[in-house]
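Undergrad: Can you read through this structure? Questions will come right after.
The values are calculated or read from the model by the stated rules, or taken from the named source; none is laboratory data. This structure is a prediction, so every number in the text was calculated from the model and none was measured. Cβ placement follows ideal geometry from the backbone for every residue including glycine, while neighbour counts extend to all protein chains displayed. Surface accessibility is based on the protein's heavy atoms, side chains included, excluding ligands, DNA and RNA. Shrake-Rupley method; radii C 1.70, N 1.55, O 1.52, S 1.80 Å.
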2 protein chains.
Amino acid sequence: MSHPRKPAPAGAEHAPLELERFLPYRLSILSNTVSQAIADDYQRRYDLSVTEWRVMAVLARFHGLSAREVAERTAMDKVAVSRALARLVEAGRVHRETHGNDKRRSVLSLTEAGWLIHDDVAPMARAREREVLDKLDSEERAWLTRILDKLLEGVQGMGDDGEP
Amino acid sequence: MSHPRKPAPAGAEHAPLELERFLPYRLSILSNTVSQAIADDYQRRYDLSVTEWRVMAVLARFHGLSAREVAERTAMDKVAVSRALARLVEAGRVHRETHGNDKRRSVLSLTEAGWLIHDDVAPMARAREREVLDKLDSEERAWLTRILDKLLEGVQGMGDDGEP
DNA sequence: ACGTTATAGTTACAATTGCAACTAATTGCA
DNA sequence: TGCAATTAGTTGCAATTGTAACTATAACGT
């Protein structure tokens, strides 16, 4: 009732954005498609979310991390990590104890069941990554690495809003 | 009680995934950071979601699309488009009428209010994209375009699961 | 020692999203 | 024709996620 929906002016001087050439859009499509393709593999098999898998991956590399450290290394926020850990502990894939000197901290590690899953999923994830990278020749792969390094470096802290 | 949480084996032969070198992970960080930085600009100003902005962007370029066509061009699913359109129409930013020959179809266009927003947001989005690309020299930018073209082409249809 | 401030992690609730089922209109073909 | 199969779009519900508030512990300054 109260909305003045007019048909549409439509002029030439509008300089519309060409989505399919727009970097953020292209990154988003690529990222989602690739991540989803990989995630499908292990989601069906283990009922494991991307978030949970990332937590497991860092716990496989770094032993005895706290939840906060996991959050740092996965670039996820602490609530997401807390929830992923709750599920992983419940499923018996991660072992959690409390730090001796600081009772706030948890000390996390994969259980045997966790390791079995990790050792199955990690090669699978790498294989999928390879499939994607095989679309490129070795020169392109080298440039891609270099470019991502640069962009990711330039983008550090863009996420954390500067508020103290 | 029923969960056999064992401490943690931890051996050297596990070949853990190095998240920070893993392509899907890096793409995900980059994509989210960049998209979010841009979205922040217009979300505060216009209470416009990324989804809604994408819909507006294609409607700015292609006149009289149906919702399905919008979905195709934005690579979003039809439910997301339907909801974005509901909000955009409600806000008086998009005009919707029904196709003459086919009453299922909608015929969509930006309203004047929609154009005003578009004409403000589009340059802003381009400026942000430029900020990111300015981290690269022109050779790197050329490679990036080429590489994204290849990867996106190779990835077409990975999303649509093959089921008929 | 004691109150203030900071840190680790969880919980509660709202907003978003994703999937499946649904309506309505159109097409196709027997 | 007329009835099954498609297509456009919406709705409802459950699962996911994001934000803020909260608990518990530790650190700091006086």
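Undergrad: If you put +1 on each Lys and Arg Cβ and -1 on each Asp and Glu Cβ, how big is the dipole of the protein assembly as shown around its Cα centre, in Debye rounded to 20? Mind dumping the intermediate values first?
TA: On the way: 50 positive and 54 negative charges, 178 e Å.
Using only the charged Cβ atoms, the result is roughly 860 debye.
Undergrad: Another question about this same structure. Any idea what the dipole of the stretch B:8-84 comes to, in debye rounded to 20, about its Cα centre with Lys/Arg Cβ at +1 and Asp/Glu Cβ at -1?
TA: On the way: 10 positive and 10 negative charges, 74 e Å.
For this selection, approximately 360 debye.
Undergrad: How high is the FRET efficiency between B:ASP102 and A:GLN36 when r is their beta carbon distance and R₀ equals 35 Å, given to the nearest 0.05? List each step's numbers first, then the result.
TA: Details: r = 33 Å, r/R0 = 0.93.
Efficiency, from the Cβ-Cβ distance: 0.60.
Undergrad: Per-residue Cβ counts within 10 Å, from other chains only, averaged over B:141-150: what number is that?
TA: Details: counts 2, 1, 7, 10, 3, 4, 9, 8, 2, 5.
Counting other chains' Cβ atoms within 10 Å and averaging over B:141-150 gives 5.
Undergrad: Another one. What does the C-alpha gyration tensor say about the overall shape of the stretch A:109-154? Classify as rounded when a/c is under 1.5, otherwise prolate if a/b is larger than b/c, or oblate.
TA: Working: a/c = 5.56, a/b = 1.87, b/c = 2.98.
Oblate.
Undergrad: In nm, to one decimal, how far is the A:GLU18 label point from the B:ALA15 one, both placed 7 Å along Cα→Cβ?
TA: Here the answer is 4.3 nm between the modelled labels.
Undergrad: Show the residues, 5+ positions off or on another chain, whose built amide H is closer than 5 Å to the amide H of B:HIS95.
TA: Long-range HN contacts for B:HIS95: B:SER109, B:LEU110, B:THR111.
Undergrad: Could you point to the residue in B:LEU108, B:GLN36, A:SER35 farthest towards the positive end of the protein assembly as shown's charge dipole, with +1 and -1 charges on the Cβ of Lys/Arg and Asp/Glu respectively?
TA: Of B:LEU108, B:GLN36, A:SER35, it is B:LEU108.
Undergrad: What residue among A:ARG104, A:ARG21, A:ARG126 has the largest mean-square fluctuation in a Gaussian network model of chain A, using Cα springs under 10 Å?
TA: The residue that fluctuates most here is A:ARG21.
Undergrad: Which of A:ILE147, A:ILE29, A:ILE117 moves most in a GNM of chain A, Cα contacts under 10 Å?
TA: A:ILE147
Undergrad: Mind pulling up the Rg/Rh value for the stretch A:88-133? Radius of gyration and Kirkwood radius, both on Cα. Write down the numbers at each step before the final one.
TA: Working: Rg = 15.0 Å, Rh = 12.3 Å.
Value, to two decimals: 1.21.
Undergrad: Given charges of +1 on the Cβ of Lys and Arg and -1 on the Cβ of Asp and Glu, with all other atoms neutral, how large is the dipole of chain A about its Cα centre, in debye to the nearest 20? Don't skip to the end; give the middle numbers.
TA: Details: 25 positive and 27 negative charges, 90 e Å.
Magnitude of the dipole: close to 440 debye.
Undergrad: Under the rule a/c < 1.5 gives rounded, and otherwise a/b versus b/c splits prolate from oblate, where does the protein assembly as shown land using the Cα gyration tensor?
TA: Values: a/c = 2.02, a/b = 1.83, b/c = 1.11.
Prolate.
Undergrad: Here is a further query. Across peptide B:107-120, how many C-beta atoms of other chains are within 10 Å of each residue C-beta, on average?
TA: Numbers: counts 1, 1, 6, 7, 7, 6, 4, 4, 7, 1, 0, 4, 5, 0.
Other-chain Cβ atoms within 10 Å of each residue's Cβ, averaged: 4.
Undergrad: Based on the inverse mean of 1/r over its pairs of different Cα atoms, what is the Kirkwood hydrodynamic radius of the stretch B:36-145, in Å?
TA: Working: mean 1/r = 0.0669 Å⁻¹.
This gives a value of 15.0 Å.
Undergrad: Sort shortest first the distances from A:LEU152 to its counterpart in every other copy, using label points 7 Å along the Cα-to-beta-carbon line, and give them in nm.
TA: 2.2
Undergrad: Give me the number: length gained by fully extending A:ARG83 to A:ARG130, i.e. 0.36 nm times residue separation minus the C-alpha to C-alpha distance, one decimal in nm. List each step's numbers first, then the result.
TA: Working: separation 47, 0.36 × 47 = 16.92 nm, distance 3.02 nm.
Working it through step by step, the gained length comes to 13.9 nm.
Undergrad: Now for a different question. What's the percent breakdown of Cα-Cα distances in the stretch A:21-66 across 10 Å bins, shortest bin first?
TA: Calculated over all Cα pairs of the stretch A:21-66, the distribution is 24, 37, 29, 10, 1 percent.
Undergrad: Which of A:HIS99, A:VAL70, A:LEU136 sits closest to the plus end of the dipole of chain A, meaning its Cα is farthest towards the positive end, when Lys and Arg get +1 and Asp and Glu get -1 on the C-beta?
TA: A:HIS99
Undergrad: In the full protein assembly as shown, how much of B:TYR42 is accessible to a 1.4 Å probe, in Å² to the nearest 10?
TA: Ignoring ligands and nucleic acids, B:TYR42 comes out at about 10 Å².
Undergrad: Relative contact order (percent) for the stretch A:20-153, with alpha-carbon contacts under 8 angstrom and 6 or more residues of separation?
TA: Working: 104 pairs, mean separation 28.3, N = 134.
Once normalised by length, the contact order is 21 percent.
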